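For reference, the structure discussed in these notes is given below.
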C-alpha cells in the first residue's frame with residue numbers, strides 16, 4: 001500500500017467525516033457567538049441617567065433610605081382587601097367608533 005491509499009483510508013473513517021467537522025463547528029460557533037454578542041454591548045445606545053437630568057425632566061426620585069420594606073408593608077396593611085369589586089376593562093374590539 002502506498003501513502004495516498006493510506007491517507008484516503010484514514011479520511012474515510014467516521015471520525016474524519018463526522019467528528020472533526022462537528023468539533024470545528026462547535027468550537028468555531030462559540031467564538032463566533034462571542035464576537036456577535038460583544039458587538040451588541042459595544043454599540044448599544046443605553047446610557048446612564050443622572051439625577052440632575054431627571055429633575056430637569058420633572059421626575060422626582062425618592063431618597064434611597066425613604067423607601068423600605070417596612071414602609072411599603074404599612075401601606076399595604078391599611079388596604080381593605082375584603083371588600084372589592086371586579087371591574088372588567090374594555091376590550092380593543094369593543095371600542096365605540098365615532099364618526
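Any read-out appearing in this document is the output of simple, stated calculations on the displayed coordinates, not a laboratory observation. Predicted, not measured: the structure shown is a model, and the values here were computed from it. All Cβ positions, glycine included, derive from the backbone under ideal geometry; neighbour counts span all protein chains shown.
Summarising the label geometry, the points placed 7 Å from Cα in the beta-carbon direction at residue 79 and residue 2 lie 8.6 nm from one another.
The distance separating the Cα centre of segment 1-52 from that of segment 67-89 comes to 53 Å. Select one label from (1) 15.2; (2) 22.2; (3) 23.0: the one whose number is Kirkwood radius over Cα pairs in Å as derived from the coordinates shown. Comparing each candidate, only (3) matches the computed number.
In degrees, nearest 10, range 0 to 90: what is the angle between the Cα axis of helix 20-42 and the longest Cα principal axis of the chain? The helix 20-42 is inclined about 30 degrees to the chain. Over the residues of the chain, the helix contribution to mean residue ellipticity at 222 nm works out to -15000 deg cm²/dmol, using -39500 (n - 2.57) for each DSSP H run of at least 4.
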